[in-house]
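The values are calculated or read from the model by the stated rules, or taken from the named source; none is laboratory data. Everything numeric in this text was worked out from a predicted model, so none of it was measured. Every residue, glycine as well, gets a Cβ built from its backbone with ideal geometry; the counts of neighbours run over all protein chains shown. Calculation scope for accessible area: heavy atoms of the full protein, side chains included, ligands and nucleic acids excluded. Shrake-Rupley method; radii C 1.70, N 1.55, O 1.52, S 1.80 Å.
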Amino acid sequence: QKLAAVWSAMFKAMGAEVMSCDTLASCQEYLKKMSFDRMVIDTALGHRDIESILESAQERSLDAWCLVGTLRDQETFESRWEKYGGGRGRFLLKPLYREIVQAQLSSPHFHREQEGSQSETDPLEEIKQRLFALGSKEILLAEDNATNQMIIRLALEGSPFRLTVADNGQKAVELVSQTDVAYDLILMDIQMPVMNGYDATARIRGYKRYSHVPIVALSANVLKEYQQKAQSVGMNSYITKPIDMEAFYETLYEWLKSKH
């Protein structure tokens, strides 16, 4: 119940109206009395209860719901998920991070367009659509943290962009110097093993074709001195962690629109 309260608070902070239940009976009662856009199911409920809830969701055409599970649970429940029309990949893994949830719930998997719906005027969806409308782009992400990699993958899911991931600065430099791919924008974490983002940026700026390609810093450091250092080595912009999705989309749009 404590976890349910935490998750409910997180979804409410993202602008959602939330109803929570901790038994199959209470869940079925809510489904009879109310309509919902999404359903989040904790696999801790047990297989039989989950199958019953999924069946009820299908009967009510609940087509934009997601499952909260662990990596071990995911494989177990995927067949059941497909059986009741949920499709593949609709899983939110514990522990829940707001940035991952925000990115995944705004992805095409979970977004249901409706004429006259609130999503048409939602600032996050609006800037996201403008960014994706820029067409095919090559994005290089230098980031060693798997959670942050997932956040950015989900944020760009459904876009025409191709995302390449390097888990340290040295690999990012190698990708820039040893492949034929011409990256349109580079997302550069600051603190990484092997080679940090500052040194990697300085190296990349040494290549003529990357002298003006936008490089956007990713860092949890909010102090002005860190931003100034990023600028001094050739970074064009600075996104702080945890990543705010609207700021993320806005930053990418501002730097990619000139290349459109």
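A few comments on the model shown:
- Take the conditions (1) within 21 Å of the chain's Cα centre (by Cα); (2) within 15 Å of I139 (Cα to Cα); (3) open to solvent by 60 Å² or more (accessible area, probe 1.4 Å); P242 misses just one of them, which is (2).
- Restricting the search to strands (runs of 3 or more DSSP E) fully inside the range 156-234 and requiring at least 1 residues that are in contact with a Ser or Thr (Cβ under 9 Å, 6 or more places away or on another chain) and modelled with pLDDT under 95 gives 215-219.
- For the range 245-260, a residue qualifies if it is open to solvent by 70 Å² or more (accessible area, probe 1.4 Å) and either part of a helix (DSSP H, G or I) or among the aromatic types (F, W, Y) (or both), and the qualifying residues are E246, E254, W255, K257, S258, K259.
- Condition check for G197: open to solvent by less than 10 Å² (accessible area, probe 1.4 Å) and of a type outside the set (F, W, Y): yes
- Residue in the range 28-43 that is surrounded by 18 or more Cβ atoms within 10 Å (Cβ to Cβ), under 19 Å from the mean Cα position of the chain (by Cα), of a type outside the set (K, R) and modelled with pLDDT of 70 or more present: yes
- Filtering the range 125-137 to residues that are exposed (fewer than 15 other Cβ atoms within 10 Å of the Cβ) and among the acidic types (D, E) leaves only E126.
- With respect to the conditions (1) without any contact (Cβ under 8 Å) to a residue 40 or more places away in the chain; (2) within 24 Å of S177 (Cα to Cα), I190 lacks only one, and its number is (1).
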